[in-house]
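Notes to accompany the following structure.
The values are calculated or read from the model by the stated rules, or taken from the named source; none is laboratory data. None of these values were measured; they are calculated from a predicted model. Here Cβ is always computed from backbone atoms with ideal geometry, including for glycine, and neighbour counts include all displayed protein chains. Surface areas here come from the heavy atoms of the whole protein model, side chains and all, with no ligands, DNA or RNA. Shrake-Rupley method; radii C 1.70, N 1.55, O 1.52, S 1.80 Å.
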Amino acid sequence: MEQILVIIAIVLSIGIGYVKKINVGLVAISFAYFIGVFILKLSPGEVIGFWPTNLFFTILSVLLFYNIAISNGTLNYLAEWTLYKTRHHQQAIYLILYSMSVLIAVAGAGFFSTMAICGPIAVSLAKRNHRNVLLAAQAVNLGASGGANFVTSGSGVVFQGLFKELGLENYALNYGHAIFLFTIVYPFILIMTLYIVKRLSNQNMNEEVSFIQPPQPLTKKQKHTLMLMGIMMGIVLVLPNLSLVFPNNLTLNEFSKVADIGLICIMLTVVGFWLNLATQKEVFSHLPWNTLIMLSGMGMLIKLATQVGLIETVAQLMSTFIPTLLLPVTFVVVAGVLSLFSSTLSVVTPTLFPIVTAMLAAKPDLNAQLLFIAVVAGSLSTNISPFSSAGSLIQASIPDAFTRDQVFRQQLVIGVPMMLTIAITAVFILSLFI
């Protein structure tokens, strides 16, 4: 009975949030309070304790640091520089937009900021060069989604936090790198294939000189920002990986244990403010409080689901009735369906990652890395839906109503089924090799 109530609460949270445009996290917190205190007889303090403090702090810290780069134009510079350097290769516009989006997202902009920076650029270039608007916008979406999965970028930080919450801290970096590599490689193969097919068909292959102006030189503030970004990535990525290469080096091992990305980003943010690289007011204004509350609120409800044994029940049912070979594909489909109307970060991964973890406890021989990849790949495959976060940002990037309506239909009728099918195929092929 308690498990059924939690399932209803999760479904209603998503449904009420979608229909009434109320933050899903707030609805989830309300349900967690009602079920936890009045049904399960937990104390209010215990329910509040479900708030994912470590995850919230880490995401907040990383976003604060990278918002400096957004506020002073450093990330915009990277986009303009990429476009200028590739201005004579507009026949490869989709590949260029994809690569640019990956670069910006990996540099720390995360998904939403990358879409905000590159989405309007993609639409403008596509219309000017007579290319397909949806393909251009989807190239940015795929690049932003995959690039943001880098372990120091927005989505990657969330995944690292979820792994640590689930007791997988020792494997977090390996899983994070695998998710990032898969979600940038298979879209790259897809877009490269499209490019080769167009070249072989000899369509629209006249070299076009795009009148893209060179970016303004880097300012002193932007140079200092890039330096801080390099320092952060060096500390968080290079040193821990070196400790794996040299396991007997006690200094490296000790440092990798205390190199917490959240605390490091806070220190570098203070340095950034000290150097006047951006104003505090503007940096704080870019914080996506809506997403943070949504992620944390759903986290509380998922913790409650764990408390009543729902996660273990679902994991056991899937292990029993679904053949091991089909488990990755099943997770792709389930994640894809959830992602049609909800967020990868705040709903899909916090819901499905614990199920994967519970299944691993029952069947240690399962390929954990593959299942986590399947969840993320499936979720990202249908975010092209105009009812999902990425799809709505694609709509927002299109200025004229006629093109917007046209793309809306293409997103639903062509984009969603095609991208889900491609993700299923890619994960199935991967499952045959690892």
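In the structure shown, the pairs Lys41/Lys303; Lys21/Lys41; Lys303/Lys363 are assessed against 20 Å; a Cα-Cα span above that value is assigned to Lys21/Lys41; Lys303/Lys363. In segment 282-434, a dipole from Cβ-located charges (positive for Lys and Arg, negative for Asp and Glu) runs towards its positive end, and of Phe408, Ile424, Ser319 it is Ser319 whose Cα lies farthest in that direction. With a 1.4 Å probe and every protein chain kept in, tell me what percent of the accessible surface of segment 1-64 is carbon plus sulfur. Result for segment 1-64: 75 percent of the exposed heavy-atom area is carbon or sulfur.
Can you give me the % of accessible surface on segment 275-351 that is carbon or sulfur? Probe 1.4 Å, all protein chains present, nothing else counted.
Taking all protein chains in place, segment 275-351 shows 69 percent carbon and sulfur surface.
Computed with a 1.4 Å probe over protein heavy atoms only, the accessible area of Glu169 comes to about 120 Å². Straight Cα distances below 13 angstrom link Lys164 to the aspartates and glutamates Asp260, with same-chain residues fewer than 8 positions distant left out.
Using C-alpha pairs below 8 Å separated by at least 6 residues, the relative contact order for segment 288-434 is 27 percent. Once the Cα atoms are used to define both axes, helix 53-71 deviates from the longest principal axis of the chain by about 10 degrees.
3J(HN,Hα) along segment 10-20, derived from phi through the Karplus expression 6.51 cos²θ - 1.76 cosθ + 1.60 where θ = phi - 60°, amounts to 5, 5, 5, 4, 5, x, 5, x, 6, 6, 9 Hz, with x in place of Gly and Pro.
To the nearest 10, the accessible area of Met318 is 30 Å² with a 1.4 Å probe. The relative contact order of the chain comes to 21 percent, based on Cα pairs under 8 Å that sit 6 or more residues apart. Computed from Cα atoms, the angle from the helix 368-381 axis to the main principal axis of the chain rounds to 60 degrees. Ordered by solvent-accessible area of protein heavy atoms (1.4 Å probe), largest first, the residues Thr313, Thr58 come out as Thr313, Thr58.
Available extension along the chain between Thr425 and Ser124 is 105.2 nm, counting 0.36 nm per residue and deducting the alpha carbon span. What is the angle, in °, between the Cα long axis of helix 327-339 and the longest principal axis of the Cα atoms in the chain? Nearest 10 is fine, range 0 to 90. Between helix and principal axis, roughly 80 degrees. Of the chymotrypsin sites (Phe, Trp or Tyr not before Pro) in segment 382-434, the ones in a loop by DSSP (not H, G, I, E or B) with at most 11 other beta carbons within 10 Å are Phe433. Model label sites at Ser201 and Met227, defined 7 Å from Cα along the beta-carbon direction, differ in position by 5.0 nm. Rounded to 0.05, the FRET efficiency of the Glu46 and Leu317 pair, given R0 = 22 Å and the Cβ-Cβ distance, is 0.20. With one equal scatterer per alpha carbon and no solvent term, the Debye-computed log10 I(q)/I(0) for segment 319-434 at 0.11, 0.21 1/Å reads -0.39, -1.05.
Measuring with a 1.4 Å probe in the full set of protein chains, what accessible area per residue, in whole Å², belongs to the chain?
45 Å²
Straight-line reach from Lys198: taking Cα to Cα under 26 Å and skipping same-chain neighbours fewer than 8 places apart, the lysines in range are Lys85, Lys127.
Translational diffusion of the chain, estimated by Stokes-Einstein from the Kirkwood radius over alpha carbon pairs at 10 °C in a medium of 1.306 mPa s, is 70 µm² per second. Rolling a 1.4 angstrom probe over segment 360-410 with all protein chains present gives an accessible area of which 58% lies on carbon and sulfur atoms.
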